[in-house]
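Below is one structure, written out as structure tokens; comments come after it.
The values are calculated or read from the model by the stated rules, or taken from the named source; none is laboratory data. Here the structure is a predicted model, which means the values were calculated and not measured. Note that each Cβ is placed from the backbone with ideal geometry, even for glycine, and that neighbours are counted across all protein chains shown.
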Amino acid sequence: MGEEIKDRIFDIYKEKFPVCKERHNELVKYIPGGATRSLSYFKPFPIHIDYGEGSYVFTPEGHKLFDITNAYGALIHGHGDPDIVAAVQAGIEKGSQYSTPTMAQLKLSKLLCERVPGLEKLRFLNSGTEATLYALRTARAYTKKDKILKMVGGFHGTHDCVAASTKKNVITAGIPKGMTEDVIEVPYNDIEALEQAVKENASELAVVIMEPFLGAGGVILPKKGYLKSIREITEKYNVLLFFDEIFSFRVHTGGCQALYNVIPDLTTVGKVIGGGLPIGVFGGKEEIMNIYCHEHTDTPLYHSGTFNGYETVMQAGYAALKKFDADAVDKINKIGQYFHDNLERIFKENGLNIQSNHIGSYLNIHFVNEKVTTPELAMKSEEELLSLMHLSLLNKGIFTIPRALYILSCKMTEKEIDNLVNKIDETLKELLPLIEKKYTHLLL
């Protein structure tokens, strides 16, 4: 029964997307695996997208797919938002980059510092990976201490000292042992383990780096009081607290730190901040960030890059964030709650004990039969069901992230969410015979 269901889903996918397969076969001649982003690859071959409009993307075969990936969270206003497009067009006609300070940098940095409590001063880069790399360097330079503490399952980009993780399927070959000797990991949501590690290493520990909630780790939310306790512990032992909000920022106009009223010393943001274009931002308390300032030191910490503060990105980001105000956040979060509530309904209707982890415009389905409160539990989600669900939804016109992470945009309506829920319901019914035979622990 299981192989029959799998073969049918795979056969439909191959039949529906033949041009994607042709393009994949050409691309592998030049790009290993046929995808220049590891997360974009899946079997039997990755989907190719030609263009997007609003809540939808279009394949080279002409199929219209409802986009519930939104570039892994980077697109808050969907594809081709007219205000962002107009800002980019008007700006790029005058030039795209000058390698100098500009008014566009002033406007976007001012808006971010006004919104995000932990950003008193900031600097621009070109990716989230760059942002966390420089924020950690800042913490080490400021404190004159080398060790960092991170959470198991936390994702902070792909530079060496944060890439090693217990998350399954993450390959860390090529990272020198020395790069991680000063990295401590503790379980997320375990305040006792964190306090013990901070206490034991305080004299050498520069910073605790963490996502306020784990994003790639499965949308794992903090237990009540967890973030405030971490703030108290880091202050007690004179260790900096660093919130990586590259993923979590979109849940509130001021990020999770505003939502939970816990203010870190350092912050990184990205994704939606760039209006769909590449960006990274790191910043924090003025006294910390002033180590980059020529007016405050004769030996400022060095940070440069050809495309830092890229003019076109500044214009796109400002246009996107101006529209992403309190009303927009409230609207998208309500749609997220509506989606979550309906998912839980169809789980029960299908007799399934599986989970939907949810905050704001993020949802993650887990094929696990208990509440998912740690990344270790998220890693128990049945991979075969995740893979088949992903392909089945593509066959039904839904463009999703393979690990069942769903990310909304402001363009989406309740009617579109109703259709999405119906397609997920159809897929669960398609998989139910396999679940009843092989995964009985997921049945109510």
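Results, tabulated for the structure shown:
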| read-out | value |
| --- | --- |
| Residues satisfying the stated conditions in region 192-209, i.e. surrounded by fewer than 24 Cβ atoms within 10 Å (Cβ to Cβ) and in contact (Cβ under 8 Å) with a residue 40 or more places away in the chain | LEU194, ALA197, VAL198, ASN201, SER203, GLU204 |
| Candidate set: region 348-367, residues that are in contact (Cβ under 8 Å) with a residue 60 or more places away in the chain, of a type in the set (A, V, I, L, M, F, W, C) and surrounded by 20 or more Cβ atoms within 10 Å (Cβ to Cβ); chosen: the one farthest from LYS6 (Cα to Cα) | ILE359 |
| Residue in region 101-108 that is in a loop (DSSP other than H, G, I, E, B) and farther than 30 Å from LEU205 by Cα present | yes |
| Criterion violated by ASP265 - all others in (1) surrounded by fewer than 22 Cβ atoms within 10 Å (Cβ to Cβ); (2) in the same structural domain as LYS228 (by TED's automatic domain parsing); (3) among the acidic types (Asp, Glu) satisfied | (1) |
| Residues of region 297-340 classified as in contact with a Ser or Thr (Cβ under 9 Å, 6 or more places away or on another chain), among the acidic types (Asp, Glu) and surrounded by fewer than 18 Cβ atoms within 10 Å (Cβ to Cβ), total | 1 |
| Residues of region 196-208 classified as outside any helix (DSSP H, G or I) and either in contact with a strand residue (DSSP E or B) (Cβ under 7 Å, 6 or more places away or on another chain) or modelled with pLDDT under 95 (or both), total | 5 |
| Residue match in region 414-428 (condition: surrounded by 19 or more Cβ atoms within 10 Å (Cβ to Cβ), touching an Asp or Glu at 6+ places or on another chain (Cβ under 6 Å), among the hydrophobic types (A, V, I, L, M, F, W, C) and touching a residue at least 60 places away in the same chain (Cβ under 8 Å)) | no |
| Residue match in region 268-280 (condition: in contact with a Cys (Cβ under 8 Å, 6 or more places away or on another chain) and not basic (Lys, Arg)) | no |
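Rundown of residues vs (1) under 20 Å from TYR56 (Cα atoms); (2) in contact with a Phe, Trp or Tyr (Cβ under 7 Å, 6 or more places away or on another chain); (3) not in a loop (DSSP other than H, G, I, E, B), yes/no style:
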{"position": "SER392", "(1), (2), (3)": "yes, no, yes"}
{"position": "ARG403", "(1), (2), (3)": "yes, no, no"}
{"position": "CYS410", "(1), (2), (3)": "yes, no, no"}
{"position": "ILE417", "(1), (2), (3)": "yes, yes, yes"}
{"position": "LEU420", "(1), (2), (3)": "yes, yes, yes"}
{"position": "LYS423", "(1), (2), (3)": "yes, no, yes"}
{"position": "GLU430", "(1), (2), (3)": "no, no, yes"}
{"position": "PRO433", "(1), (2), (3)": "no, no, yes"}
{"position": "LYS437", "(1), (2), (3)": "no, no, yes"}
